[in-house]
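Asks: Can you keep this structure in mind? I'll have questions shortly.
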Ligand SMILES: *[C@@H]1O[C@H](CO)[C@@H](O)[C@H](O)[C@H]1NC(C)=O
């Protein structure tokens, strides 16, 4: 009995000592840049944040962010493809994105944004666009909230840490085809607030006021014209 307890215990100790925690003291700064309907989300990810020198263990690793965008915000697949071709950005959309639909008829979308870790840091970005909202009585502003992404890490060699895995697509350099890799989810600290993006909504009350005023002007103009024609005829 005692022997088996000891062997189970020693087994547990061996297992727990070979598993490396996926906690790399990650800090994330997420920012929404620019103004208007076309913006830029940037991500600054710092590993081993409290250390002076970068650790070699993350050499060659790739970060994969899983970003959900609300229905009112989208990334343009054509733009993403162009940036991918130009080797500027590697983003894969998990959904079919219709860039024409207004926010009210759209769904949230999920994107995987990938980039290399250099000197324990990764700087990623995503070009995003706001959808129009259907005009309402009263108009006002619609509020889009963009939450921080989930952060994953893939290292081609070594580094086995115990976090939940997510398969993500990443282009393997020596292969023409895309290939899937298992990314480990990392815990992190986010240094910024949820991104808030407010978009103006058309006001249907103005619509009726504008339509009414337009009709009045048209009627008045026509009457004036008729009157002029009539007067001209009489002369
Ligand atoms: C977004 O910001 C990043 C980092 O500043 C920059 O490299 C990139 O060119 C910007 N993209 C656009 C479309 O403004």
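Taken together, the values in this text are just the output of simple stated rules run on the coordinates, not laboratory data. As the structure is a prediction and not an experimental result, all values here were calculated from the model. Because the Cβ atoms are built from the backbone with ideal geometry, glycine has one as well, and the counts that use them run over all protein chains shown.
Asks: Kindly state, as a whole number, the per residue volume in cubic angstrom of the convex hull around the alpha carbon atoms of region 44-172.
Replies: Expressed per residue, the convex hull around the Cα atoms of region 44-172 is 134 Å³.
Asks: Residues in region 84-125, backbone N under 13 Å from the label point at residue 23 (7 Å along the Cα-to-beta-carbon vector): list them, ranges by number please.
Replies: none
Asks: With springs only between Cα atoms under 10 Å apart, run a GNM on the chain and tell me which of 89, 216, 124 wobbles the most.
Replies: Judging by the Gaussian network model, the answer is 216.
Asks: Report the residue, chosen from 96, 219, 199, that carries the largest GNM mean-square fluctuation when the chain is represented by alpha-carbon nodes joined by springs under 10 Å.
Replies: Checking each option, the largest mean-square fluctuation is seen for 219.
Asks: Running a GNM on the chain with Cα contacts under 10 Å, which residue among 88, 184, 53 ends up with the highest mean-square fluctuation?
Replies: With Cα springs under 10 Å in the chain, the top fluctuation among 88, 184, 53 is at 53.
Asks: Continuing with the same structure: What's the extension gain from residue 234 to residue 204 if we count 0.36 nm per residue and subtract their Cα-Cα distance?
Replies: Gain in length upon complete extension: 6.3 nm.
Asks: Taking neighbour Cβ counts within 10 Å as the exposure measure, how do 207, 232 sort from fewest upward?
Replies: Lowest to highest Cβ neighbour count: 232, 207.
Asks: Follow-up. So, in nm, how far is label residue 211 from label residue 116 when the simple model puts each one 7 Å beyond its Cα toward the Cβ?
Replies: Label at residue 211, label at residue 116, 5.8 nm between them.
Asks: Please give the helix 204-234 orientation as an angle from the longest Cα principal axis of the chain, in degrees from 0 to 90, rounded to the nearest 10.
Replies: Taking Cα atoms only, the helix is inclined about 20 degrees.
Asks: Ratio of alpha-carbon Rg to the 2.2 N^0.38 Å globular estimate for the chain, to two decimals, please.
Replies: Relative to the 2.2 N^0.38 Å estimate, the chain comes out at 1.61.
Asks: Which order do 223, 191, 32, 69 fall in if you start with the one that has the fewest other Cβ atoms within 10 Å?
Replies: By the 10 Å Cβ count, ascending, the order reads 223, 191, 32, 69.
Asks: Now a separate question. When 114, 141 are ordered from fewest to most other Cβ atoms inside 10 Å of their Cβ, what list results?
Replies: Ascending number of Cβ neighbours within 10 Å: 141, 114.
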